[in-house]
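Comments concern the structure below.
The values are calculated or read from the model by the stated rules, or taken from the named source; none is laboratory data. Note that this is a predicted model, so its numbers are computed, not measured. Every residue, glycine among them, receives a Cβ derived from its backbone with ideal geometry; neighbour counts consider all protein chains shown.
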Amino acid sequence: MRCSEPLSLGSLDDMNSVSRRRSRISLVVMIVGGFLAVAPVFGPLGKTLHYLADFIAERPQPIEHYFHGVRERIAPTRPGALQFARRVDYDVQANWKVYVDNYLEGYHIPYVHPELLKLYADYQSYRTEVSDWYSVQVGPLQQERNVYTAGGGEALYYQIFPNLMLNVVPGRLQSNVVIPVAADRCKVIFRYYYDDVTSAPARERIEADVAFSDKVQREDAEICERVQQGLGSRAYDKGRFSVRFEEGVYHFQKLLKHAYRAWLKR
Ligand SMILES: [Fe+2]
């Protein structure tokens, strides 16, 4: 990937040994860095974060292990041909896991993102596919030109354990890194990459895309903050997962429990 931002996704298209080693390091740094940066500061929270960071750091795998199948699935979008366009940071008043859970379930879309819903050809076809280290939500797009497509294709929403998202629509990749800040706060870093960042239509597309994503993100932040408040209520109790819409949430929480359990057994 030709870009000025230190994102490890370049390795998807560039698998020589040097880049692989660098990518492996940057992947671990990217995932673990956010945890370690705040871990000593927040007592019990810091201890929890150390569990996860230690788990990943002790079992570094080649980056292909985590991204297996992604490059093939997102074709014809080619990560190596994309160029960096924009970075936007968001502060969210919710625990990082609340943010990830919200990202992973699809049933809030019609209620929280009515304009996003219009971009999908058939919401009944919206589905989740699960792999070892990630899940991906697949949204078939409308045939008419819109902010996501010049005509058809799919929106692919990857959540790669523990805190990386890749949002792919034809010719565009947007990454989100979720960084814990406190028990009830996180930072989310959006980075945008496109196959064209210089032509006039491309610049127009980027502005429209960033503005639309900003709206969707604010809707998600608001709902996450409400959930965070709800979790603090004495009335809150856990519930069952929706098989249809929460397969990704279940997968993420399973990996998380495994990570915590592995650390506790050391
Ligand atoms: Fe959402």
Exercise. Going by the structure shown, is VAL178 among the aliphatic types (A, V, I, L, M), crowded, with 19+ Cβ neighbours inside 10 Å and farther than 21 Å from LEU117 by Cα?
Worked result: yes
For this session: Considering only segment 228-260, state which residues are within 16 Å of the ligand (Cβ to nearest atom) and surrounded by fewer than 17 Cβ atoms within 10 Å (Cβ to Cβ).
Result: SER242
Exercise. Would you pick out the residues in segment 212-227 that are of a type in the set (Val, Ile, Thr) and either more than 16 Å from ASP91 (Cβ to Cβ) or away from the ligand (no atom under 11 Å from the Cβ) (or both)?
Worked result: VAL216, VAL227
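Of all residues in segment 63-79, which are in contact (Cβ under 8 Å) with a residue 60 or more places away in the chain, assigned to a helix (DSSP H, G or I) and farther than 11 Å from LEU173 by Cα? Write out each step before concluding.
Step one: of segment 63-79, the residues in contact (Cβ under 8 Å) with a residue 60 or more places away in the chain are 65-70, 73-74, 76-79.
Filter once more, keeping what is assigned to a helix (DSSP H, G or I): 65-67, 70, 73-74, 79.
HIS65, TYR66, PHE67, VAL70, ARG73 - these are the residues of segment 63-79 that are in contact (Cβ under 8 Å) with a residue 60 or more places away in the chain, assigned to a helix (DSSP H, G or I) and farther than 11 Å from LEU173 by Cα.
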Problem set entry | Residue list for segment 74-83, filter: hydrophobic (A, V, I, L, M, F, W, C), buried (at least 19 other Cβ atoms within 10 Å of the Cβ) and over 22 Å from GLY248 (Cα atoms) | LEU82
Problem set entry | Pairs where the first residue, in segment 93-107, is within 13 Å of GLY248 (Cβ to Cβ) and the second is in a helix (DSSP H, G or I) and within 11 Å of the ligand (Cβ to nearest atom), C-beta under 8 Å, 6+ apart | ASN102/ASP220; ASN102/ILE223; ASN102/CYS224; TYR103/ASP220
Exercise. Taking only pairs six or more apart or across chains, which ones have beta-carbon atoms under 6 Å, a first residue in segment 216-244 that is more than 26 Å from ASN167 (Cβ to Cβ), and a second residue that is among the aliphatic types (A, V, I, L, M) and near the ligand (Cβ under 10 Å from one of its atoms)?
Worked result: none
Exercise. Is at least one residue of segment 190-198 within 16 Å of the ligand (Cβ to nearest atom) and either modelled with pLDDT of 95 or more or not in a strand (DSSP E or B) (or both)?
Worked result: yes
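Looking only at segment 110-130, filter to residues that are of a type in the set (Phe, Trp, Tyr) and within 22 Å of ASP209 (Cβ to Cβ); which one of those is surrounded by the fewest Cβ atoms within 10 Å (Cβ to Cβ)? Break it down into steps so the answer makes sense when it comes.
Filtering segment 110-130 down to residues of a type in the set (Phe, Trp, Tyr) leaves 111, 120, 123, 126.
Then keep just the ones that are within 22 Å of ASP209 (Cβ to Cβ); that gives 120, 123, 126.
Details: TYR120: 19, TYR123: 13, TYR126: 21.
Looking at residues that are of a type in the set (Phe, Trp, Tyr) and within 22 Å of ASP209 (Cβ to Cβ), I get TYR123.
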Seminar exercise, completed: Out of (1) in contact (Cβ under 8 Å) with a residue 24 or more places away in the chain; (2) out of contact with any helix residue (DSSP H, G or I) (no Cβ under 6 Å at 6 or more places or on another chain), the one HIS113 does not meet is (2)
